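See structure below.
The values are calculated or read from the model by the stated rules, or taken from the named source; none is laboratory data. Remember, it's a predicted structure, so these values are computed and weren't measured experimentally. Cβ: placed from backbone, ideal geometry, glycine included. Neighbour counts: every protein chain shown. All accessible areas refer to the heavy atoms of the entire protein, side chains included, with ligands and DNA or RNA removed. Shrake-Rupley method; radii C 1.70, N 1.55, O 1.52, S 1.80 Å.
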Amino acid sequence: MIAAWYWDASGGFIPETPDSWNSQVAFLVFPRITSSPRIDRRAVVRFDIPTQYISTLSVADQVRELQMALSLNKSELARVLRVSRPTIYDWLDDGQPNDDNLSRIQTLLRLLRESRVSPAKPLFPRFVRSPLDPGGRPLLDALGEETIDEANLRSTIRRAKALGDAIDSRREEREAGLRAAGFEEPDAEQRKANLATNVALTEWPRE
């Protein structure tokens, strides 16, 4: 089964089927696009989510994917899943969670996938552990709530991802500028040699 997710900066929703489109519902979800309920579905973004993909992964793989996508250590992952560290290790060793725990894992994975966060494109750790706004709560706290508020959590995950994407974009621009100026990024061997040189030139404290 494939679910279609439509969204713009205002939010998003999943139609009953990939090709169903209710303009009245869309108007409520996407008020920034137009003041009319006659919304052109091409005005918003759609991507498809293989809803059966998560359930076909082993529990261990689901837990690993969640940990990597959120850039968490084992203690933080246990906090998010509201279990102990030994339980996390048990699941990673092919132990089976109860239905409530499995539902929580899969819900969090779904929210991440809907926000296009994955092990290949994880959230920046600082945007998980630190508040996104002054005086706000870290995403890590929201992830660890007993009851998952999907709408608020999805919004916070997307904000964290957008901040990380902005950093990546600036880094890529700087690297492109350096390449245009004639600077070449060192390869692995050059990095190793530079590290050895830096270590050799460092003045280490004497006993």
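Per-residue HN-Hα couplings for segment 164-172, Karplus 6.51 cos²θ - 1.76 cosθ + 1.60 at θ = phi - 60°, whole Hz, x for Gly and Pro?
Rounded to whole hertz, the list is x, 4, 5, 5, 4, 5, 5, 5, 5.
Would you kindly work out the equivalent ellipsoid of segment 55-100 from its C-alpha gyration tensor and give its semi-axes, the square roots of five times the eigenvalues, largest first in whole Å?
On the way: eigenvalues 44, 33, 17 Å².
Each semi-axis is the square root of five times an eigenvalue, giving 15, 13, 9 Å.
On full extension of the chain, what length is gained from Ala151 through Gln190, given 0.36 nm per residue of separation minus the C-alpha to C-alpha distance? Present the calculation step by step, with values, prior to reporting the outcome.
Details: separation 39, 0.36 × 39 = 14.04 nm, distance 4.69 nm.
That works out to 9.4 nm of additional length.
For a quick check of understanding: with a 1.4 angstrom probe and all protein chains in place, what accessible area in square angstrom does Ser84 have, to the nearest ten?
Ser84 exposes around 50 Å² with every protein chain in place.
Fully extended, how many nm does the chain gain between Lys121 and Ala162 (0.36 nm per residue separation, minus their Cα-Cα distance)? Provide the component values of the computation, followed by the final result.
Values: separation 41, 0.36 × 41 = 14.76 nm, distance 1.16 nm.
Extending this stretch completely gives an extra 13.6 nm.
How much solvent-accessible surface does Lys121 expose, in Å² to the nearest 10, with a 1.4 Å probe and all protein chains in place?
130 Å²
Sticking with the crude label model, points 7 Å out along Cα→Cβ, report the distance from Ser169 to Ser58 in nm, one decimal please.
Distance between label points: 4.0 nm.
Quick check: from the Cα gyration tensor, does segment 114-168 come out rounded (a/c under 1.5), prolate or oblate? Please report the intermediate quantities before stating the final value.
Values: a/c = 1.83, a/b = 1.27, b/c = 1.45.
In terms of gyration-tensor shape, oblate.
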